[in-house]
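Q: Next up is a structure, given as structure tokens.
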Amino acid sequence: MPYIALLTLDIICVTSMGPSANAQEKSNSPYVQAVVKLSELLEMRSRSPWFWPDAIFNLCPPGREFNNCLKILHGFTDKVIDEQIAERAAKKLSNGGKKNEDDDQSELTSKRRLAFLDALLEAYENGEISREGVREEVDTFMFEGHDTTSAGITWALYLLGRHPVIQQRVYEEVESFFERRSNVLTVDDLKEFRFLECVLKESQRLFPSVPFFSRSTSEDCQLGGYFIPKGTTIGVSTFALHRNPEVWPAPLVFDPDRFLPGNIQGRHPFAFLPFSAGPRNCIGQRLAFLEEKLVLAHVLRHFEIQSTQAVDDIHLCVKFVLRSKEGVFVTLVHRQKGKVA
């Protein structure tokens, strides 16, 4: 998972801002280290009630370290945003406020790469969002958009390594696809990885990246025979729901066919909640699935995945995302060379 987390950090950085953090090549950079440390400090604070008040937390060593890490993150984001604002202003000035065809093409190419930040900066220029608001939105995508995705990819790789027959089905789908396509993929292309999508969903059923979330009731309600007053915080365990035998037959069996179109008919819409549901669901869930498909497709093209780590050998823990205390171990074997990577 640590290696994949560096990959997903690079991906979300490019997707949300443009410039890469070069996390895979510079894992010791201040920015990467700040992201890792912030996650640790947030997790520690969440289970330490005495650190919940800001006044106490900010005066203690963990709080001071947290704020120093936050300055590093904000400094990087601010630098990128300022550069983009200056670049957009310079283009408008050089063209007298007009765009020529070359600029349109250049901007189109840039928008494909910087769609999220471009949209925010346009809203900023129109007075719809503040400068600080732009940074907050980018930071949210950056921070929330890499750990959860890295967990999803990790558990999918592990389960494929444990189930070679299913892995072979995915490999054949991927190979068949690339025989008909170039190496440059589009969003529509990724829709053709239908069985791979089933694998990802079944992986999230067994090992949801976010195994628990909470919601506050907006009105009085009855739940399981209990009266729940308005304003009550309710905990929702996706991990337990996804393994409930009343909802999922043979819940501990890894069976991606559960998510084939013919098998999802009649299933309760809230039986599967890896990204929560309703108006407060995960805004980045579509990006997450596309990213996971793309990474797994390229890994499976080049490597056979093996794992001798039994499920019983994995001791789960929650540090914002679902992890294994000992780590998740797989072996990668080059498909053409037959050598261990």
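Q: Any of 201/230; 230/325; 91/191; 293/319; 230/293; 26/293 with alpha carbons more than 30 Å apart? Name them for me.
A: Flagged as over cut-off: 201/230; 230/325; 91/191; 230/293.
Q: With the chain treated as a Gaussian network of Cα nodes joined by springs under 10 Å, which of 282, 13, 60 yields the largest mean-square fluctuation?
A: 60
Q: Which far-off residues, 5 or more places away or on another chain, put their amide H under 5 Å from the one on residue 303, with H placed in the peptide plane?
A: Under 5 Å from the amide H of residue 303: 335.
Q: How large is ³J(HN,Hα), in whole Hz, for each residue of region 14-29 in order, when computed from phi with the Karplus curve 6.51 cos²θ - 1.76 cosθ + 1.60 and θ = phi - 60°, using x for Gly and Pro?
A: Once rounded to whole Hz, the list reads 5, 5, 8, 10, x, x, 7, 7, 6, 4, 6, 8, 10, 5, 9, 5.
Q: Among rounded, prolate and oblate, which fits region 283-341 when a ≥ b ≥ c are the square roots of the eigenvalues of its C-alpha gyration tensor, a/c under 1.5 means rounded, and a/b larger than b/c means prolate?
A: oblate
Q: Now, a different point. Comparing 257, 188, 82, which has the greatest mean-square fluctuation in the GNM of the chain with Cα pairs linked when under 10 Å apart?
A: 188
Q: Next question, about the same structure. Please build a GNM for the chain, connecting alpha carbons under 10 Å apart, and tell me which residue among 258, 180, 45 fluctuates the most.
A: 180
Q: Convert 25 °C to kelvin, take the viscosity as 0.890 mPa s, use the Kirkwood radius over C-alpha pairs of region 107-254 as Rh, and evaluate the Stokes-Einstein diffusion coefficient in µm²/s, rounded to a whole number.
A: 126
Q: Using a/c under 1.5 as the rounded threshold, could you call region 173-328 rounded, prolate or oblate? The axes a ≥ b ≥ c are square roots of the C-alpha gyration tensor eigenvalues, and prolate needs a/b larger than b/c, oblate otherwise.
A: Note, shape of region 173-328 comes out prolate.
Q: Additional query: Can you work out ³J(HN,Hα) from phi for every residue in region 319-335, in order, using Karplus 6.51 cos²θ - 1.76 cosθ + 1.60 and θ = phi - 60°, giving whole Hz and x for Gly and Pro?
A: 10, 6, 10, 6, 10, 9, 4, 8, x, 10, 10, 9, 10, 9, 10, 4, 5
Q: Residue by residue through region 280-291, which ³J(HN,Hα) values in whole Hz follow from phi under the Karplus form 6.51 cos²θ - 1.76 cosθ + 1.60 (θ = phi - 60°), with glycine and proline marked x?
A: Result, rounded to whole Hz: 9, 6, 5, 6, x, 5, 5, 4, 4, 5, 4, 5.
Q: Give me the percent of the accessible area of the chain that comes from carbon and sulfur atoms, probe 1.4 Å, all protein chains in place.
A: Of the solvent-accessible surface of the chain, carbon and sulfur hold 56 percent.
Q: Here's another thing I want to ask about it. Kindly report the accessible area of the chain per residue (heavy atoms of protein chains, probe 1.4 Å, no ligands, DNA or RNA), in Å².
A: Result: 57 Å² of accessible area for each residue.
Q: Label region 176-245 by shape, choosing from rounded, prolate and oblate, from the square roots a ≥ b ≥ c of the eigenvalues of the Cα gyration tensor; if a/c is under 1.5 it is rounded, and otherwise prolate applies when a/b is larger than b/c, oblate when it is not.
A: Judged from the Cα gyration tensor, region 176-245 comes out prolate (a/c at least 1.5, a/b above b/c).
Q: Starting from the coordinates of the alpha-carbon atoms of the chain, obtain the Kirkwood hydrodynamic radius over all distinct pairs and give the value in Å to one decimal.
A: 22.6
Q: When the Cα atoms of region 133-176 are enclosed in a convex hull and the volume is divided per residue, what value in Å³ results?
A: 71
Q: Any idea how far the Cα center of region 227-275 sits from the one of region 33-68, in Å?
A: For region 227-275 versus region 33-68, the Cα centre distance is 33 Å.
Q: Turning to a different aspect of this structure: Taking the Cβ of residue 198 as the center, what net charge do the other residues with Cβ under 12 Å away carry, scoring Lys and Arg +1 and Asp and Glu -1?
A: Around residue 198, the charge tally is +1.
The values are calculated or read from the model by the stated rules, or taken from the named source; none is laboratory data. This is a predicted model, so every value here is computed, not measured. Every residue, glycine as well, gets a Cβ built from its backbone with ideal geometry; the counts of neighbours run over all protein chains shown. All accessible areas refer to the heavy atoms of the entire protein, side chains included, with ligands and DNA or RNA removed. Shrake-Rupley method; radii C 1.70, N 1.55, O 1.52, S 1.80 Å.
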